[in-house]
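Shown next, in structure tokens, is the structure this report addresses.
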Amino acid sequence: MSLISPAAMPYAMTLGLGWLYYRRIRRHIGRQSWQPRRTMLRMGFLCLAVTGLLAAAVFLPGTGIRIAIGMGLIAGVVLGFLGLSLTTIDGDQHARWYTPNPWIGGALAVLLVGRLAWRMLHSGFIAQGAGQVQATPLTLGIAATLVGYYLSYSFLLMGRMRQLARAPSNAS
């Protein structure tokens, strides 16, 4: 016996994904405590996502998908460097914090959610007559940008936090 009827499942999944995206976007607003284990776990998942995107670039037909994923990853890395340059980092000997720029990561997340919503409302996720999920270069390019941004930002932030931890304290 299922808790949710099959007819209500798309709505339940939409609410669940909406909650996850709300939490993701919320992490771009305000001062955040540095949690290296969480960052390492996130980087591991993002490496899996990059592997999946690279596999899609290799195995899906069409050069448009390869170009979109490649350009998306490059744009994401560039935005990661920009995001770190706009991040405020502070701390003491007991804890470290950072305040990310809310506009870059938030805008990328909203862009991906908007693209997925557009696609679901206008053409659905199923290819016409084929019965298979159809990947479009635009959607994969946006996803690659998002993954490239978060992976490079996390990697660069980890390096900056390690520098802060090694820096001698100026307190007298």
Filtering region 30-59 down to residues that are among the hydroxyl-bearing types (Ser, Thr, Tyr) and either in contact (Cβ under 8 Å) with a residue 60 or more places away in the chain or closer than 20 Å to GLY106 by Cβ (or both) yields SER33, THR39
Quick one: ARG66 ticks every box in (1) farther than 25 Å from GLN163 by Cβ; (2) in contact (Cβ under 8 Å) with a residue 24 or more places away in the chain except a single one, so which number is it?
(2)
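Rule-based calculations on the coordinates, nothing more; no lab input. The structure presented is a predicted model; accordingly, all values stated were derived computationally and were not measured. Using ideal geometry, Cβ is built from the backbone for each residue, glycine included, and neighbour counts are taken over all protein chains shown.
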